[in-house]
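Q: Have a look at this one before I ask anything.
The values are calculated or read from the model by the stated rules, or taken from the named source; none is laboratory data. Predicted model only: the values in this text are computed from it and were never measured. Reconstructed Cβ throughout: ideal geometry from the backbone, glycine too, with neighbour counts over all protein chains shown.
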Amino acid sequence: MTSEADMIDDVGSEVTDQLEPAIPSHLRVPRTRPLSAPPGFVPQHASYSARFKPFVTGLVIAYYGVQHAQAGALDAERALARIKSALVEEDGPSYYDVGSYRDPHGFLNSVVAAYWTDRPAHDRWEVRLGDDWWYRTLDTGAQVGAFREIYRPSMGDTETTFSHPHPEGFANLAGAMSGKTDTHEYWGSARDRIPRAQTDALAPRGAPLRHARASGGDSSRRLVVVVPHDNLCLLRSGQDWSETEGSERKFYVEKVIPRLEAGMEELTTDGLRLGCYFNRYLRLAGAPGLAEQTYSLSAWHSLEKLETWVRSDTHLAIWGAGIQHYKRCGEGAKLRLYHEMAVLRAADQSFAYFNCHQQTGMLNAIANE
């Protein structure tokens, strides 16, 4: 799930080019919490991070979803079309993509991931549309639901890592990509890439709660708002094998994907036990080639819970297969892996669900209230 270039402990060929920290210079401060890297550590493989201009102080990451059973397909198509139409209006996102997945309850979920670096523009856009624009026309009698999840991290709350200097997700809004970085391939490296973690333990405070005006009962046929807690961890982790060929493609499809899918199944069906509120394993839709691009989106009670899972046998199997992939293919590997992460304050999160089943997104976290 996390990039294979994220946790390497063995010794081999090293990245010998001049390396730079993943945290950009304008966000570095004197550390009160030391790096987790072993003394003298040098990574073996290249990794890159997104570089935003210093005037970019925060992001808006918004996920708009439409959920439906087979019987609601036409209404769902119309609802998704309305969302896509809104995205191209004035002050809309600078970048978005669309993915889909079928959840364990058999519902098809189409999800738009939209990104802004201009928070006031996002706010103007939402105000013009109206707070209920994303579900306003849906019929509660139909098997169609919608959800809106909004995250507003400061740049100090985020980190990225890429196997290649090719932007995905919110890195599409960055001014550039870094050179090769030194902050990867060891346990705890993701935490070390988060600027706020230089001085903050990023410990969670509290737990998600159902909004008082939507307390109790079934989540279908109505709007339910979930109240978040401090330092929830959000991870988007992606895979792109569209340019692989021959033996590289064969190895990824036959050896890596099955282990990745096993990990996604564990988080989707048993995530709450592990500290994962929800996990979506999406395939991108649209232009040719996107059928061979996937990403998982998961929300965790804390970064610490995620760090524990990446050491589990399930994730180590994914990681081990990925390491074999890159060792077999060397510098010519065409497989592109990445992730973007944010650890967010409660005030920077918003979750709302209309006519969705109880295991949708953060509803899953409050299902037993």
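Q: Please list, ordered by residue number, the strands (runs of 3 or more DSSP E) wholly in segment 176-285 having 1 or more residues that are closer than 19 Å to residue 307 by Cα, of a type in the set (S, T, N, Q) and in contact (Cβ under 8 Å) with a residue 60 or more places away in the chain.
A: Output list reads 232-240.
Q: Let me ask something else about it. Yes or no: residue 121 surrounded by 20 or more Cβ atoms within 10 Å (Cβ to Cβ) and either more than 20 Å from the chain's Cα centre (by Cα) or not in a strand (DSSP E or B) (or both)?
A: When the stated conditions are applied, residue 121 does not pass them.
Q: Does segment 79-114 hold any residues that are of a type in the set (Val, Ile, Thr), crowded, with 18+ Cβ neighbours inside 10 Å and not in a strand (DSSP E or B), and which are they?
A: Passing the criteria: only 83.
Table: residues versus (1) without any contact (Cβ under 8 Å) to a residue 24 or more places away in the chain; (2) outside the structural domain of residue 146 (by the TED database); (3) under 18 Å from residue 222 (Cα atoms); (4) in contact with a Lys or Arg (Cβ under 6 Å, 6 or more places away or on another chain).
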{"residue": "297", "(1), (2), (3), (4)": "no, yes, no, yes"}
{"residue": "304", "(1), (2), (3), (4)": "no, yes, no, no"}
{"residue": "307", "(1), (2), (3), (4)": "no, yes, no, no"}
{"residue": "313", "(1), (2), (3), (4)": "yes, yes, no, no"}
{"residue": "317", "(1), (2), (3), (4)": "no, yes, no, yes"}
{"residue": "324", "(1), (2), (3), (4)": "no, yes, no, no"}
{"residue": "328", "(1), (2), (3), (4)": "no, yes, no, no"}
{"residue": "337", "(1), (2), (3), (4)": "no, yes, no, no"}
{"residue": "356", "(1), (2), (3), (4)": "no, no, yes, no"}
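Q: Report yes if residue 235 is closer than 30 Å to residue 344 by Cβ, modelled with pLDDT of 95 or more, surrounded by 15 or more Cβ atoms within 10 Å (Cβ to Cβ) and out of contact with any Pro (no Cβ under 7 Å at 6 or more places or on another chain), otherwise no.
A: The answer is yes for residue 235.
Q: Would you confirm, using the coordinates I've provided, whether residue 145 is surrounded by 22 or more Cβ atoms within 10 Å (Cβ to Cβ) and not basic (Lys, Arg)?
A: yes
Q: So residue 286 ticks every box in (1) buried (at least 21 other Cβ atoms within 10 Å of the Cβ); (2) within 22 Å of residue 97 (Cα to Cα) but one. Which box is left unticked?
A: (1)
Q: Sticking with this one: Just wondering, is there one or more residues in segment 123-143 that are under 15 Å from residue 87 (Cα atoms), of a type in the set (Lys, Arg) and either in contact (Cβ under 8 Å) with a residue 60 or more places away in the chain or in contact with a Cys (Cβ under 7 Å, 6 or more places away or on another chain) (or both)?
A: no
Q: Considering only segment 315-322, I want to know if a residue exists there that is surrounded by 19 or more Cβ atoms within 10 Å (Cβ to Cβ), part of a helix (DSSP H, G or I), of a type in the set (Val, Ile, Thr) and touching a helix residue (DSSP H, G or I) at 6+ places or on another chain (Cβ under 6 Å).
A: yes
Q: Further question on the same structure: Could you tell me whether any residue of segment 38-60 is closer than 23 Å to residue 354 by Cα and crowded, with 16+ Cβ neighbours inside 10 Å?
A: yes
Q: Only one residue in 76, 171, 176 is in the same structural domain as residue 331 (by the TED database) and either over 30 Å from residue 29 (Cα atoms) or crowded, with 22+ Cβ neighbours inside 10 Å (or both). Which one?
A: Selected residue: 171, the only one of 76, 171, 176 that is in the same structural domain as residue 331 (by the TED database) and either over 30 Å from residue 29 (Cα atoms) or crowded, with 22+ Cβ neighbours inside 10 Å (or both).
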